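The structure appears below as structure tokens.
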Amino acid sequence: MDKINVLDFDIDQLKTVINELGEPDYRAKQVWEWVYNGAGRFDEMTNLPKSFRNLLNSRLYIGDIRIAEKLVSGRNGTVKYLLVLPDGKVIESVLMKYRYGNSACLSTQIGCRMGCRFCASAKLGIDRNLTAGEMMAQFIAMQKDCGERISRVVLMGIGEPFDNYDEVVRFMRRLNQKDTFGISYRRMTVSTCGLVPEINRFSCENMPVNLSISLHAPNDEIRRRIMPVAARYSIDKILSACNIYIRKTGRRVTFEYILIDGVNDRDEHAIELAERISGLLCHVNLIALNAVEGADYKRSGRERTEAFKDILERYGIPVTVRRELGDDISASCGQLRKKSIESDGMVD
Ligand code: SAH
């Protein structure tokens, strides 16, 4: 029988297995506590009888994640982790330190199938989805390493969260539970390139999570040039899905918009964008493009960025320009994983 990762269980599933091993329910609670306090092996669980630990070892494993490499930004303490899963696959996560607390940027897939032209994660295609337990293991590994409470989670690492919908939702629910880390939904953010059916499904989950849409274009024509997914879902469809999300959750939606020189950053693009989204409970986050090998896009200059921002603001749309936290360690958006795989020859 294949062993199962305890981190993929909810407490009732764990109880069932533990009962099958001849032990009462409270043992499940003990195991659970150890696991969510960072125990990597059953042998560390010293309040359990040795014979029971052996039984646990025969049926289950703790899908612990190993930190293979850690890069700390010289500027602001942003940490990029190169993490290795039990099967040897590699992912990356980033810890960002803000005045209001620590925030973990987690991966949801090994690779990505969305193929956005400006993104480094897209270049290698998809390998597989991460399970909820593997996402949890990322969080636990970072939490252990960081030593301070991580109070926010953003699903903006490698992968398209809504292309791995069930496991992502399961993970967020578990992270919210009081007996794991009790992170409130309001401190979680899920970022999607705009998979409309899943946005609609997510509206019905009753989880007031922050929804972030990687829009990056004011119209479908430009969007299709830089994001293949735009051929499947139009901006109109995305905006009406967002409208439903806002109505159901009361949450403000964020539109991510990477400014790419000459592609989507002109005044007329700002006006077109503003006219389409004004009236929605939203916020625009302008992002400086990070250089990605092989793509010949350039970031917009500071003045262009300011001009774009001013136009949106004139329409009454709240705008921020994203702080760059980890560009000196290739931890910024779109830069994850590829480099490490290439330099270490760790292609899966
Ligand atoms: N697949 C999800 C989440 C991962 S990407 C999504 O598309 O939203 C997280 C954010 O980084 C997205 O807004 C994405 O568009 C942005 N990003 C990707 N490549 C980038 C680059 N080269 N420079 C700046 N931002 C980038």
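Bear in mind these aren't lab numbers, they're just calculated from the coordinates by the rules spelled out. Keep in mind the model is a prediction, meaning the values are calculated, not measured. As a convention, Cβ positions derive from the backbone with ideal geometry for all residues, glycine included, and neighbour counts pool all protein chains shown.
How far is it, in nm, from the label point at C146 to the one at R75 when both lie 7 Å from their Cα along the line to the Cβ?
1.9
Assuming 1.567 mPa s and 4 °C, estimate D for the chain with Stokes-Einstein, Rh taken as the Kirkwood radius over Cα pairs, in µm²/s.
61
Using every pair of alpha-carbon atoms in region 4-61, split the distances into 10 Å bins beginning at 0 and state the percent of pairs per bin, rounded to integers.
Percent of pairs per bin, in order: 25, 68, 7.
Tell me, what is the FRET efficiency for V84 and R252 to the nearest 0.05, using R0 = 35 angstrom and their Cβ-Cβ distance as r?
Once rounded, the FRET efficiency stands at 0.40.
If I model a spin label at E20 and N206 as a point 7 Å from the Cα along the Cα→Cβ vector, what separation in nanometres do I get?
Going from the E20 label point to the N206 one covers 3.0 nm.
Of K123/K237; K123/K298; K70/K97; K70/K144; K29/K178, which sit over 20 Å apart, Cα to Cα?
The pairs that break the limit, which is 20 Å between Cα atoms, are K123/K237.
Assuming 0.36 nm per residue, please report the length gained on full extension of the stretch R225 to Q30 beyond their Cα-Cα distance.
Result for the pair: 64.9 nm of gain on full extension.
In whole percent, what relative contact order does region 66-342 give with Cα contacts below 8 Å and a gap of six or more residues?
Once normalised by length, the contact order is 18 percent.
Would you work out the relative contact order for region 4-61, in percent, from Cα pairs under 8 angstrom that are 6 or more residues apart?
Reported as a whole number, the value is 38 percent.
Of the peptides 207-217, 16-26, 85-95, 71-81, how do they stack up when ordered by the mean number of other Cβ atoms within 10 Å, highest first?
Most protected by this proxy first, the peptides run 207-217, 85-95, 71-81, 16-26.
Based on the Cβ-Cβ distance of R113 and S51, what FRET efficiency does E = 1/(1 + (r/R0)^6) give at R0 = 41 Å, to the nearest 0.05?
0.35
Given region 66-342, what percent of its DSSP beta bridges are antiparallel, to the nearest 5?
45
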